[in-house]
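One structure is given here, and the rest of the page talks about it.
The values are calculated or read from the model by the stated rules, or taken from the named source; none is laboratory data. Model, not experiment: these values are computed from the prediction. Ideal geometry is used to build each Cβ from the backbone, glycine not excepted, and the neighbour counts take in all protein chains shown. Heads up: the accessible areas ignore ligands, DNA and RNA and are worked out on the full protein's heavy atoms, side chains in. Shrake-Rupley method; radii C 1.70, N 1.55, O 1.52, S 1.80 Å.
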Amino acid sequence: MRHYFTAEQIRAAEAPLLASLPDGVLMRRAAYGLATAITAELKARAGGVAGRQVCAVVGSGDNGGDALWAATFLRRRGTAASAVLLNPEHTHAAALAAFRRAGGRIVENIPSTTDLVIDGVVGIGATGPLRPHAAAIFGATTAPVVAVDIPSGIDVRTGAADGPHVRAALTVTFGGLKPVHGLADCGRVELIDIGLDLPQPALLGFEAPDVRTRWPVPHPSDDKYSQGVKGVLAGSATYPGAAILSTGAAVAATSGMVRYAGTAHAEVVSHWPEVIAVSDPTTAGRVQAWVVGPGVGTDAAGDEALRFALATDLPVIVDADALTLLAADLDLVIDRTAPTVLTPHAGEFARLAGHPPGPDRVGAARALADRLGATVLLKGNVTVIAEPDGPTYLNPAGQSWAATAGSGDVLSGIIGALLAAGIAPGEAAAMAAFVHARAAGLAAADPGPRPAPTSALRILAHVRAAVASL
């Protein structure tokens, strides 16, 4: 499980260590880890360390000190080291003195022969984009950048980059991951343990082993009913494909049974003959969770389907057209006691919340979840899943192949299957987002050798492979 901590939590955890250790020890501990990571990067990129050239771009404060100490350690290993001091009078004095003693050079700009740049401009306490001088320095080099703690110019809390910022090939962070490492492009992220005693994390993120241990697997005593019966209210005469995609994903995600109710019942059965399909949800039979919304339309029939699902005492995932309908009557969700999962993209979120999510997507998702008493899955390249008064999960997709029409219908079917299997709503949404992103990546890579544009139907076809790959 990935754990993300706020800057305030990291600072508080550092305080007792700083008080108990001799001055500068914690910084050198972090810088040694940074130098080790840079050494590995140089070996991977340039074949070795000795004779290579690194340049640290140094701001004021401890972040710049980390960069200078790392450059000092690298210099001792035979690397030529230089440094650009953005604020010479406020450069970390002890680190600068050690750097000079080791033979490091102070320069005005990054040398054109530099093999790797160390971004030590700002740390986790800074906000706002790079200032013009720093932006010009980074803009003039093509060398790969290793960022210290965070890529400078990207907000540590929200991951927003509202202006010039560093594009890092590698980010080396200390003590614990920060929200920016899940919310923004930080390149590859490497965490250095510096001995912090950390509290409960602010954000969580599933990794493959976490999803694997939670994914429903049939027990020898299970039958098709005991594993969770999924109900799908999706599709219409105008959008039958949404029913096919959402129902097919529910079939692929878990064993058990899927019941479909809607006007696309004939099309659904033609694609998935194992599905029990009827036109009237009141005759669908017993289910353990409902998926409602993909392709149902925003007319009276769609509204009736939404109200039917939300009137039950079952877990319900509300998606697509049903979110638009729900925005006109939020009390349908606020008064529910059974779990509800809402899966808006940015436009649907704006209709539900009355405003777009803005740069703080985590804060926006949490606020809406608390307001409605529902789990909110805010779609994006980094999906945010917020539970009311509960944990918040981040799922960085790592690629954008899932940004294709109908992809969300597949995601809703996976979530519905997990809800029917008894998985808690926040975990179900986070697990589904993880597998959905993996299926999209597999679909884009099939047949290879390079990823290529894919489609929702191809993503659906790779859901089983994504689960199996766990």
Counted residues, segment 152-176 - those being within 13 Å of the chain's Cα centre (by Cα) and crowded, with 23+ Cβ neighbours inside 10 Å: 1
For residue 431, the lone unmet condition from (1) touching an Asp or Glu at 6+ places or on another chain (Cβ under 9 Å); (2) open to solvent by less than 10 Å² (accessible area, probe 1.4 Å); (3) farther than 29 Å from residue 201 by Cβ is (3)
Could you grab me the full set of residues in segment 206-231 that are surrounded by 14 or more Cβ atoms within 10 Å (Cβ to Cβ), aliphatic (A, V, I, L, M) and within 27 Å of residue 382 (Cβ to Cβ)? 211
Return the total of residues in segment 4-29 being buried (at least 18 other Cβ atoms within 10 Å of the Cβ), within 30 Å of residue 384 (Cα to Cα) and hydrophobic (A, V, I, L, M, F, W, C). 4
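For segment 36-51, which residues satisfy the criterion of being small (Gly, Ala, Ser), in contact (Cβ under 8 Å) with a residue 24 or more places away in the chain and in a helix (DSSP H, G or I)?
Quick first cut of segment 36-51, residues small (Gly, Ala, Ser) only: 37, 40, 44, 46-48, 50-51.
Next, only the ones that are in contact (Cβ under 8 Å) with a residue 24 or more places away in the chain stay: 37, 46, 50-51.
Within segment 36-51, 37, 46 meet the criteria.
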Residues (open to solvent by 60 Å² or more (accessible area, probe 1.4 Å) and either within 31 Å of the chain's Cα centre (by Cα) or not charged (D, E, K, R) (or both)) located in segment 99-111: 106, 109
Segment 112-140, residues that are polar (S, T, N, Q), in contact with a strand residue (DSSP E or B) (Cβ under 7 Å, 6 or more places away or on another chain) and open to solvent by 30 Å² or more (accessible area, probe 1.4 Å): 113
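Table: residues versus (1) closer than 21 Å to residue 423 by Cβ; (2) under 28 Å from the mean Cα position of the chain (by Cα).
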site	(1), (2)
246	yes, yes
250	yes, yes
264	no, no
302	no, no
321	no, yes
325	no, yes
343	yes, yes
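A quick yes/no check of all residues on (1) open to solvent by 10 Å² or more (accessible area, probe 1.4 Å); (2) within 35 Å of the chain's Cα centre (by Cα); (3) of a type in the set (D, E, K, R):
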site: 49; (1), (2), (3): yes, yes, no
site: 62; (1), (2), (3): yes, yes, yes
site: 66; (1), (2), (3): yes, yes, yes
site: 70; (1), (2), (3): no, yes, no
site: 83; (1), (2), (3): no, yes, no
site: 87; (1), (2), (3): yes, yes, no
Just give me the residues in segment 114-128 being at pLDDT 95 or above and either under 22 Å from the mean Cα position of the chain (by Cα) or among the polar types (S, T, N, Q) (or both), in sequence order. 114
